[in-house]
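A short worksheet on the structure shown next.
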Amino acid sequence: MDYVEKRMNDEAAKASADGGFLTPLNILLMGVVAYTTYSMLRPTPPPKPSRDAAPTIFRTYTPRSLLPFNGEQGAPVFLAVRGKVFDVSRGRNFYGPGGPYSNFAGRDASRGLACGSFDEDMLTKDLDGPLDTLEGLGAEEMEALQGWEDRFNDKYDIVGELVSADAYKEKNKA
């Protein structure tokens, strides 16, 4: 037994004298630690500027001048809520042609959104007449409309205001 103990002690002493720290496992672990440290401390490349569409100029729209912005033939998709015109082109799959809200594209969507209705009778028929005053809507419908307006304010750009044809003519006379 003495021979085995002596031999084990000799081998242990020889391993520590030979640089036992540089075993393959230790070298692998040092490489992993070095790579992880480098990954955490290396400088990140500067962010690439996004290539957004050209900015849209704030304009005044009438119901008739808003109508072409319905997303057909690659046109942007605009809709109006309580006199604000929103560019909802990012939501083209909802508001553009074939989408569930497509009848609101290029139109004043206030009454339809307030009532939760997609019917054509919710849209203004006389494009050259006065805007919908939302008369006859209850408190619950006005609250629903406010929710929609808040959602549009948070999600989409306001690109203009919607005024009646008469108000537009008066504004441009001055």
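The values are calculated or read from the model by the stated rules, or taken from the named source; none is laboratory data. Just so it is clear, the model here is predicted, and its values are computed rather than measured. Surface accessibility is based on the protein's heavy atoms, side chains included, excluding ligands, DNA and RNA. Shrake-Rupley method; radii C 1.70, N 1.55, O 1.52, S 1.80 Å.
Filter region 119-130 down to residues that are of a type in the set (A, V, I, L, M, F, W, C) and more than 19 Å from Asp87 (Cα to Cα) and give me whichever is least open to solvent (accessible area, probe 1.4 Å).
Leu127
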### Query
Inside region 31-110, counting only strands (runs of 3 or more DSSP E) that do not spill past its ends, which hold 3 or more residues that are open to solvent by 30 Å² or more (accessible area, probe 1.4 Å) and at pLDDT 90 or above?
none
### Query
Of the residues that sit in region 131-174 and are within 21 Å of Leu66 (Cα to Cα) and assigned to a loop (DSSP other than H, G, I, E, B), which one is most open to solvent (accessible area, probe 1.4 Å)?
Thr133
